[in-house]
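Accompanying notes for the structure given below.
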Amino acid sequence: MRMAAQAKTITSLAPDYFDIGHYQKLLDTVAEWRGMTEIAVERLLSADDHAAICRLLYLEARLLDSGRLTDWLDLFTEDCVYWLPTDVEGRDPRLTVAWEMNDRRRLEERVERLSTGRAFSQAPPTRTTHFYTNIESFVGTDGTVQVLCQFLIHTNLDGRVSQRAGWNGYVLRQVAGAWRIVVKRISMFDADMPQNNNSFTL
């Protein structure tokens, strides 16, 4: 009886949006990103919207680099996805293990754990500097607002300096007049290689 009650509790915590169909939507979006060439002018956002989106990404970088993870989490919607795959080909996320595939609940747990100061992998915490460049904002074929950019992250973990590089894909939505992150997909150029400590937030 106790096991049944526990199973019911766990099920009730699972987000309604994170089902098998959601994985297919993510796969379709990434496939479109990977196959893109020149973005048609009619799909580009207005200069004002693009500038606001750039400010959102710069704010995200600043919050991550200053360790303000609770404020960083506020940039995400309630139905968000934070996805760090282990492959560089864009394989099906239903069949491929990810370094991270987090819904909102798991992101909240991650932020709470890292904020305790007692997470072994982040004691001391990794110092980072995030650089975002080549920012392109446009309307996807599914009608969502999407963003692509290149990133470079300089890290220092207890005196050990290293770098991470690749590209990010975002799906955004306006919430109460402000742009918020629905999907963040981090595509490291060496994601299929053995990684150092990536327990900080990319």
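Take the conditions surrounded by 14 or more Cβ atoms within 10 Å (Cβ to Cβ) and farther than 18 Å from Val183 by Cα and apply them to Asp103. Does it pass? Criteria not met by Asp103.
Within region 40-95, count every residue that is among the small types (Gly, Ala, Ser) and not in a loop (DSSP other than H, G, I, E, B). Working first, answer last.
Quick first cut of region 40-95, residues among the small types (Gly, Ala, Ser) only: 40, 46-47, 51-52, 61, 66-67, 90.
From what's left, not in a loop (DSSP other than H, G, I, E, B): 47, 51-52, 61.
Of the residues in that region, 4 qualify.
Taking every residue in region 144-165 that is closer than 15 Å to Thr129 by Cα and pairing it with any residue that is aromatic (Phe, Trp, Tyr) and in a strand (DSSP E or B), at least 6 positions away or on another chain, the pairs with Cβ-Cβ distances below 7 Å are Gln150/Trp167; Phe151/Phe131; Phe151/Tyr132; Phe151/Trp167; Leu152/Phe131; Ala165/Phe151. The set of residues from region 179-198 being surrounded by fewer than 17 Cβ atoms within 10 Å (Cβ to Cβ) and modelled with pLDDT under 95 comprises Phe189, Asp190, Asp192, Met193, Pro194, Gln195, Asn196, Asn197. Considering region 124-163, and only residues there that are hydroxyl-bearing (Ser, Thr, Tyr) and modelled with pLDDT of 90 or more, the residue that is surrounded by the most Cβ atoms within 10 Å (Cβ to Cβ) turns out to be Ser137. Pairing residues of region 169-198 that are within 23 Å of Asp158 (Cβ to Cβ) and without any contact (Cβ under 8 Å) to a residue 60 or more places away in the chain with residues that are small (Gly, Ala, Ser) and loosely packed, with under 15 Cβ neighbours inside 10 Å, at Cβ distances under 7 Å and at least 6 apart in sequence or on separate chains, gives Asn196/Ser162. Residues satisfying the criterion are present in region 67-84 (criterion: exposed (fewer than 14 other Cβ atoms within 10 Å of the Cβ), acidic (Asp, Glu), in contact with a Lys or Arg (Cβ under 7 Å, 6 or more places away or on another chain) and at pLDDT below 95).
The values are calculated or read from the model by the stated rules, or taken from the named source; none is laboratory data. Owing to the predicted nature of the structure, the values given are computational and were not obtained by experimental measurement. Positions of Cβ are generated from backbone atoms using ideal geometry, with glycine treated the same way; all protein chains shown enter the neighbour counts.
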